[in-house]
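Q: Please read through the structure below; I'll follow up with questions.
The values are calculated or read from the model by the stated rules, or taken from the named source; none is laboratory data. Model, not experiment: these values are computed from the prediction. In this analysis, Cβ positions are derived from the backbone assuming ideal geometry, glycine residues included, and neighbour counts consider all displayed protein chains. Side chains are part of the model used for accessible areas, which takes the heavy atoms of the whole protein and leaves out ligands, DNA and RNA. Shrake-Rupley method; radii C 1.70, N 1.55, O 1.52, S 1.80 Å.
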Amino acid sequence: MSHRSHQADPRRPGHRWITAGLVVAMLLGSVLVAHCPATGPLPSSPAGATDFDWRRALAHLRVIAAESHFIGTAAHRKVREYIHAEAARIPGVRAELQTALASYRAWEAIAVATVTNVVARLPGAAGDRAVLVVAHHDSTPTGPGAADDGSAVAAMLEVLRLAASGPAPRNELIFLFTDAEEVGSMGAAGFLAALAPGDRARIATVLNFDARGNRGPVVMFETSRDNGWLIDQYAAAAPHPVGSSLISAAYGLLKNDTDFSVFREAGLDGLNFAYFDGLEVYHTGRETLDALDLTSMQHQGEQMLGLVRRLASADLGHVAQEPVVYFDVLGLFVVRYGQWLAWLLAAGCGLGMTWLVISGIRAGRLRPRRCAAALGLVIATVVATALLAQALWSGVTWLEPRYTQIPGEIPSSPLYLASLLVLAAAAALQGARLFGRWIDPAEAAVGALVPWTVLAVLSVVVLPGTSYFFQWPQLCGLGLVFALLRTAEATAPTTRASRPAQAPRPAQAPWWLLLCASLLIVPPTVLIVPFTRLLFAAFGMTGIGLVIALWTLWLTLLAPFLRDVLGAAQPWLIRLGVSLGGVLLAVAFAGRTFDAAHPTCDSLAYLLDADQRRAFWVSADPRLDEWTAPTLGANAQQQAIDQDFPGVSWKGYVAPAPLLDLAAPDVVVRADTRQGATRRLALRLVPRVPGSMLELRVTPANLLGVDVAGSHRDAAALHSDTGHVLLQFWTPPAAGAELDLSVPANVPLTLHLSEVQYDSRATQRLFPGPRPVDKIPYPFGWFSDSIRVVHTVRL
């Protein structure tokens, strides 16, 4: 019998359990730390006179978010006047109201409105460059907008006061409180259009603050292209910075816009901020002051003040510099480096992987077929867990359909997400254990590392800003593979018939090598877990498959190493994970609550076809509830409704409604001329209700040009994949909104004109009864609580 030294044996029970315990503790601790929002503590006592304090901003927010202040309402004018008065009373600040007829195409529709911005200026000592700070002062009709964007407006007033109370800044500070952001960023477009060329050239950088929820860290989620210098300033000035080039690159792929889009398209450099947690209250009546996380408000104000002070005194002559790869580490600091280093890291990832695989094969430690099988297992595990998570949630929503009527399908209980994360972790460990009898941990680790290696190399070519997210975990994975290759764990078949050719054992590695290698768990954890949290905040349970896929991909990178460290404890942890995940899921479902504090949403609109004198109730809900079902009645039919509700691509419920005496909007042809093959039409669209919106759909879409709000759009700018061109005139003047169309002379036009009211006080009177306490209107953007009168003209 041979004798083996216990001092160097990593399988010695004492060393094994100590190492396993420390690794599990380190992993859980890393996840908990990474999962905590990096907002910093909320000051319990008033801050100093030169520091941002949420209490002073809150006093402004109580006025701003007292009620919905949608464009065109009396509350909207009241909020604007309050902001102007508060800014004007700050010593040294010159505040003015800027009114302009503006237009902007943020999405399918070309939006037009007369906007009134509040512009507050703090002159700079140098006077040649300016910093523009932006937030919008309008809300949606379905909510008071405490988060979007009342908190940013309140913070701007406080930051402006603090900036004016100190020494005169080197650069001019312009605080722009824009109008009409919620209906198409027209306030920002109007501000730029009204600037003289010299004033526009003086704006060196833009800081925009917005929100897509009511809690969580304020994320710097978008930058201009040449962001190198700006990221340096952000890293130096922002307390608890949260942001990355991955988030910015991912946001750039989405069809979303804020006021920052207007300035970015105009060639201005800058940064865009928002907090994302709380999608379920976004643009709803629950976005109230009481529901706002004051920690998020404090975080927002601190970041705003830090950047404003730094940029106010900086040399803004060279703001645009080469783009960089950047990311925060738990909100403590920002790592940033040039894209040249990303290329070197990509080479290191590829070459390091190649070297380890070749050396492992030559040493007889790695078998290519087993590595390929491990790769297949990793892909299968990621796909299976993502599909399982989506299937489980589909089962939950089948049993409880009310979840589908919450924005993002985000339930009030966090146990749903926790249960799916635990089940995915158990599946990843089981996947690593599944072929443990014939696939060595090192081979399993190589298979798990292949996807990370491919992404680490390809990302630097396709989207360089995302490269860090794959490269640093891959490099840590290389260290884990190296540690596994140095251990004495080898394949241990149970039967002679199934026994593969044995690979020679490498030299025994001391137990501390596994412990040191476990430190490599931390970097990928602090990079991946916070992004997983943000991904869930952005998409909710509707994107749970994507969230779980990323989560599992991370776990498969660690699972072979954990399997080697945990040894006999692994199957018990898998059983515990499955049991715990199932219990959490059952507890969450059993404890589901829908009440005034946890409502679901529904939609109801009144549609009047003025030409046919027919009226309809319309609901875009996936299913009718106890309030909408009696209203529409037993004859409700599901049908396409995009003819009258552009942008609604799914079927809605339609049923006859009482015919009300509502006047239809009118189309007045001011001129109709032909010149060669071109026909020119001068139109006036006349509303019937003050503060309404006129929506004009022109079919077909092959227009040659449109002149509206003092600007011309040619055929290329009017391109549409929907077969029509859509224009929206918000709060048009009583005399009507004017536009000119240029069309081919031989093409007949159909003008489908709708007048829409979103004022809930006007629409609620039409409904047969009040909503139940556990129901609120869908967020603005569907058509909740609207009245729509349509009129069709053919020319």
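Q: Enumerate the strands (runs of 3 or more DSSP E) found wholly within the range 88-150, keeping only those where 1 or more residues are touching a residue at least 60 places away in the same chain (Cβ under 8 Å) and open to solvent by 20 Å² or more (accessible area, probe 1.4 Å).
A: On the way: elements: 94-104, 110-122, 130-136.
The strands (runs of 3 or more DSSP E) meeting that bar are 94-104, 110-122.
Per-residue answers, yes or no, for (1) out of contact with any helix residue (DSSP H, G or I) (no Cβ under 8 Å at 6 or more places or on another chain); (2) of a type in the set (S, T, N, Q); (3) more than 30 Å from VAL522 (Cα to Cα); (4) open to solvent by 30 Å² or more (accessible area, probe 1.4 Å):
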position	(1), (2), (3), (4)
GLN298	no, yes, no, no
GLU302	yes, no, no, yes
LEU305	no, no, yes, no
ARG310	no, no, yes, yes
SER313	yes, yes, yes, yes
LEU316	yes, no, yes, no
ALA320	no, no, yes, yes
PHE333	no, no, no, yes
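Q: For the range 745-754, check the following and say yes or no: at least one residue is part of a strand (DSSP E or B), closer than 14 Å to ALA111 by Cβ and either in contact (Cβ under 8 Å) with a residue 24 or more places away in the chain or in contact with a Cys (Cβ under 7 Å, 6 or more places away or on another chain) (or both). Talk me through it step by step, then tell me what you get.
A: Of the residues in the range 745-754, the ones part of a strand (DSSP E or B) are 750-754.
If we keep only those that are closer than 14 Å to ALA111 by Cβ as well, we get none.
No, there is no match, as no residue in the range 745-754 is part of a strand (DSSP E or B), closer than 14 Å to ALA111 by Cβ and either in contact (Cβ under 8 Å) with a residue 24 or more places away in the chain or in contact with a Cys (Cβ under 7 Å, 6 or more places away or on another chain) (or both).
Q: While we're looking at this one, here's another question. Looking at GLN638, GLN612, can you tell me which residue is free of Cβ contacts under 8 Å to residues at least 40 places away in the same chain and either acidic (Asp, Glu) or assigned to a strand (DSSP E or B) (or both)? Break it down stepwise before answering.
A: On the way: GLN612 fails: either acidic (Asp, Glu) or assigned to a strand (DSSP E or B) (or both).
Just a single option satisfies the conditions, and that option is GLN638.
Q: Return the residues of the range 618-632 that are farther than 24 Å from LEU726 by Cβ and surrounded by 12 or more Cβ atoms within 10 Å (Cβ to Cβ); say none if nothing qualifies. Walk me through it before giving the result.
A: If we filter the range 618-632 for residues that are farther than 24 Å from LEU726 by Cβ, which is where we start, we get 622-632.
Scanning the range 618-632 gives PRO622, ARG623, LEU624, ASP625, TRP627, THR628, ALA629, PRO630, THR631, LEU632.
Q: Output the residue which, of all residues in the range 717-738 that are over 35 Å from the mean Cα position of the chain (by Cα) and surrounded by 16 or more Cβ atoms within 10 Å (Cβ to Cβ), is nearest to ALA111 (Cα to Cα).
A: Ranking the qualifying residues of the range 717-738, first place goes to GLU738.
Q: List the residue pairs whose Cβ atoms are under 6 Å apart, where the first residue sits in the range 405-417 and is at positive phi, the second is polar (S, T, N, Q), and the two are 6 or more positions apart or on different chains.
A: Short answer, once both residue conditions are applied: GLY408/THR542; GLU409/THR542.
Q: When you go through (1) assigned to a helix (DSSP H, G or I); (2) of a type in the set (D, E, K, R); (3) out of contact with any strand residue (DSSP E or B) (no Cβ under 6 Å at 6 or more places or on another chain) one by one for GLU182, which number turns out not to apply?
A: All conditions pass for GLU182, except number (1).
Q: Follow-up. Within the set of pairs 6+ apart or on separate chains, which have a first residue in the range 324-346 that is in contact (Cβ under 8 Å) with a residue 24 or more places away in the chain, a second that is open to solvent by 50 Å² or more (accessible area, probe 1.4 Å) and outside any helix (DSSP H, G or I), and C-beta atoms under 7 Å apart?
A: VAL324/ARG336; VAL325/ARG336; TYR326/ARG336; GLY331/HIS240; GLY338/GLU322
Q: Inspect the range 756-764 for any residue being among the charged types (D, E, K, R), part of a loop (DSSP other than H, G, I, E, B) and open to solvent by 20 Å² or more (accessible area, probe 1.4 Å) and give the result as yes or no. Show your work before the answer.
A: Step one: list which residues in the range 756-764 are among the charged types (D, E, K, R), which gives 759, 761.
Now restrict to residues that are part of a loop (DSSP other than H, G, I, E, B): 759.
With the extra rule that they be open to solvent by 20 Å² or more (accessible area, probe 1.4 Å), the set shrinks to 759.
Scanning the range 756-764, I find at least one residue that is among the charged types (D, E, K, R), part of a loop (DSSP other than H, G, I, E, B) and open to solvent by 20 Å² or more (accessible area, probe 1.4 Å), so the answer is yes.
Q: Counting residues that are open to solvent by 50 Å² or more (accessible area, probe 1.4 Å), which strands (runs of 3 or more DSSP E) fully inside the range 670-716 reach at least 2?
A: In the range 670-716, the matching strands (runs of 3 or more DSSP E) lie at 678-686, 711-714.
Q: Within the range 765-795, can you find the residues that are farther than 22 Å from GLY691 by Cβ and not in a strand (DSSP E or B)?
A: Matches in the range 765-795: PRO768, GLY769, PRO770, ARG771, PRO772, VAL773, ASP774, LEU795.
Q: A follow-up question, please. Being farther than 25 Å from PRO46 by Cα and out of contact with any Lys or Arg (no Cβ under 6 Å at 6 or more places or on another chain) narrows it down to one of GLY301, GLY306, GLY285, so name that one.
A: Numbers: GLY301 fails: farther than 25 Å from PRO46 by Cα; GLY306 fails: farther than 25 Å from PRO46 by Cα.
Unique residue meeting the criteria: GLY285.
Q: Follow-up. Could you grab me the full set of residues in the range 228-250 that are within 20 Å of VAL462 (Cα to Cα) and open to solvent by 30 Å² or more (accessible area, probe 1.4 Å)?
A: Correct list: ALA250 only.
Q: Would you confirm whether or not the range 152-170 contains a residue that is surrounded by fewer than 24 Cβ atoms within 10 Å (Cβ to Cβ), touching a strand residue (DSSP E or B) at 6+ places or on another chain (Cβ under 9 Å) and assigned to a loop (DSSP other than H, G, I, E, B)?
A: Scanning the range 152-170, I find at least one residue that is surrounded by fewer than 24 Cβ atoms within 10 Å (Cβ to Cβ), touching a strand residue (DSSP E or B) at 6+ places or on another chain (Cβ under 9 Å) and assigned to a loop (DSSP other than H, G, I, E, B), so the answer is yes.
Q: Right, something else. Please go through (1) touching a residue at least 40 places away in the same chain (Cβ under 8 Å); (2) under 22 Å from GLU755 (Cα atoms) for THR631 and return the number of the only condition it doesn't satisfy.
A: (2)
Q: Can you give me the number of residues within the range 422-442 that are open to solvent by less than 30 Å² (accessible area, probe 1.4 Å) and within 24 Å of THR354 (Cα to Cα)?
A: Going through the range 422-442 one residue at a time, the tally reaches 6.
Q: Tell me whether the range 644-661 contains one or more residues that are in contact (Cβ under 8 Å) with a residue 60 or more places away in the chain, outside any helix (DSSP H, G or I), exposed (fewer than 14 other Cβ atoms within 10 Å of the Cβ) and of a type outside the set (D, E, K, R). First the steps, then the outcome.
A: Start the filter on the range 644-661 by keeping residues that are in contact (Cβ under 8 Å) with a residue 60 or more places away in the chain, which leaves 644-648, 660.
Right, trim to outside any helix (DSSP H, G or I) and you get 644-648, 660.
Next, from what is left, pick out any that are exposed (fewer than 14 other Cβ atoms within 10 Å of the Cβ): 647, 660.
Cutting the leftovers down to of a type outside the set (D, E, K, R) gives us 647, 660.
Yes, some residue in the range 644-661 is in contact (Cβ under 8 Å) with a residue 60 or more places away in the chain, outside any helix (DSSP H, G or I), exposed (fewer than 14 other Cβ atoms within 10 Å of the Cβ) and of a type outside the set (D, E, K, R).
Q: If you go through the range 443-465 one residue at a time, do you hit one that is open to solvent by 30 Å² or more (accessible area, probe 1.4 Å) and over 28 Å from the mean Cα position of the chain (by Cα)?
A: Yes, there is a match, as at least one residue in the range 443-465 is open to solvent by 30 Å² or more (accessible area, probe 1.4 Å) and over 28 Å from the mean Cα position of the chain (by Cα).
Q: Residues that are under 18 Å from PRO777 (Cβ atoms) and surrounded by 20 or more Cβ atoms within 10 Å (Cβ to Cβ): does the range 586-598 have at least one? Talk me through it step by step, then tell me what you get.
A: Narrowing the range 586-598 to residues under 18 Å from PRO777 (Cβ atoms): 594-598.
From what is left, the residues that are surrounded by 20 or more Cβ atoms within 10 Å (Cβ to Cβ) are none.
Looking for residues that are under 18 Å from PRO777 (Cβ atoms) and surrounded by 20 or more Cβ atoms within 10 Å (Cβ to Cβ), one finds none in the range 586-598, hence no.
Q: Moving to a separate point now. Just to verify a result, which residue in the range 254-280, among those that are open to solvent by less than 10 Å² (accessible area, probe 1.4 Å), under 23 Å from HIS299 (Cα atoms) and of a type in the set (Phe, Trp, Tyr), is modelled with the lowest pLDDT?
A: Here the answer is TYR275.
Q: Please determine, by comparing only the residues of the range 65-87 that are among the β-branched types (Val, Ile, Thr) and within 21 Å of PHE260 (Cα to Cα), which one is surrounded by the fewest Cβ atoms within 10 Å (Cβ to Cβ). Reasoning before the result, please.
A: Here is the first cut: in the range 65-87, the residues among the β-branched types (Val, Ile, Thr) are 71, 73, 79, 83.
Filter once more, so that each one left must be within 21 Å of PHE260 (Cα to Cα): 71, 83.
Details: ILE71: 28, ILE83: 26.
Only one residue fits best here, namely ILE83.
Q: Which number in (1) open to solvent by less than 30 Å² (accessible area, probe 1.4 Å); (2) within 24 Å of PRO768 (Cα to Cα) marks the one condition that ASN635 misses?
A: Unmet for ASN635, out of (1) open to solvent by less than 30 Å² (accessible area, probe 1.4 Å); (2) within 24 Å of PRO768 (Cα to Cα): (1).
Q: If I filter the range 495-503 for residues that are at pLDDT 70 or above and not basic (Lys, Arg), do I get at least one hit? Break it down into steps so the answer makes sense when it comes.
A: Step one: filter the range 495-503 for residues at pLDDT 70 or above, giving none.
The answer is no, given that none of the residues of the range 495-503 is at pLDDT 70 or above and not basic (Lys, Arg).
Q: A further question follows. Residues being β-branched (Val, Ile, Thr) and open to solvent by less than 10 Å² (accessible area, probe 1.4 Å): count how many of those fall in the range 776-788. First the steps, then the outcome.
A: Taking the range 776-788 as the starting set, the residues that turn out to be β-branched (Val, Ile, Thr) are 776, 787.
Next, only the ones that are open to solvent by less than 10 Å² (accessible area, probe 1.4 Å) stay: 787.
The qualifying residues number 1.
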